[in-house]
Amino acid sequence: MEMKSFLYKDLIDVSEFKDEGEKLRKNYNLMPQGIEIKYKKTRGKFNLESTTIPTQVPNSICIYSNPIYYVMHYKIKKKLEKRLGKRLYPTYYFERVYLNGQNLKKHIDRGACEVSVSLHVSSNIDKDWHIYFNHGDRIVSYKCDIGDAVVYNGVEIQHWREELRCQKNQYYHQIFFHYVDADGKYAHFAYDR
């Protein structure tokens, strides 16, 4: 897939979820090691599959397949198909609440993340916090307002965030939606199989 990365202003209305990051911060902030919660949809119903300690961003709060974002995953898919001119299969989605001192190390993603969306849902920090992409010949950074997203090829483009410096009660809430080209080499990752 030729795409590298681009900013998608006002990708979707996230106003109904504006308090979710704060709720997660308050509910799980007492867990100094962080928490990673995984839901699985079976026979049309979401069930708690497991809870573990996060490894990619230690001490953060992560939820995989949070049922409240299921419909949003498909709405974004339709918008991306129109914008990219390609059929996409959904793979998976998860959210993360970043807290003071956390960063996202430079990395590329697994095959299920060919078309990735990093959507800014909510935050109470009082400064910009950029996401960076290595486009080979240059480093590109984006600042997202609430409702904005960066769309990128997660399996080819290295990406990261520098350390978040904020107050103890502040947070930055993201949801990551992932897809693959329905006619591409990663199509077998559809529905995160």
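Each reported figure results from applying straightforward, stated rules to the coordinates on display, with no laboratory input. Everything numeric in this text was worked out from a predicted model, so none of it was measured. Here the Cβ is made from the backbone with ideal geometry for all residues, glycine too, and neighbour counts use every protein chain on show.
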Inset, instruction - Could you work out how far apart the two model spin labels at Lys106 and His135 are, taking each label as a point 7 Å from the Cα in the direction of the beta carbon, and quote it in nm? - result: 1.7 nm
Legend entry - Difference of contour (0.36 nm per residue) and Cα-Cα distance, His188 to Lys78: 37.6 nm
Inset, instruction - Can you tell me the order of 81-87, 176-182, 3-9 when each peptide is scored by its average per-residue count of other Cβ atoms within 10 angstrom, highest first? - result: 176-182, 3-9, 81-87
Inset, instruction - Sort all Cα-Cα distances of region 4-93 into consecutive 5 angstrom bins from zero, then give the percent of pairs in each bin up to the one containing the longest distance. - result: 3, 11, 17, 20, 19, 17, 10, 3, 1
Legend entry - Helix-only [θ]222 nm of the chain, DSSP H runs n ≥ 4, -39500 (n - 2.57) each, per residue, nearest 500: -4000 deg cm²/dmol
Legend entry - Calculated FRET efficiency for the pair Thr55/Lys26, C-beta based, R₀ 25 Å, to 0.05: 0.60
Inset, instruction - Can you check how the C-alpha radius of gyration of the chain compares to 2.2 N^0.38 Å, as a plain ratio? - result: 0.98
Inset, instruction - Mind telling me which of Ser122, Ser15, Ser60 comes out most flexible in a GNM of the chain, alpha-carbon contacts under 10 Å? - result: Ser15
Legend entry - Lys18 versus Lys127: modelled label distance in nm, points set 7 Å from Cα along the beta carbon direction: 2.5 nm
Inset, instruction - Please identify which residues in region 159-186 have an amide N closer than 20 Å to a label point set 7 Å out from the Cα of Arg87, following the Cα→Cβ vector. - result: 178-186
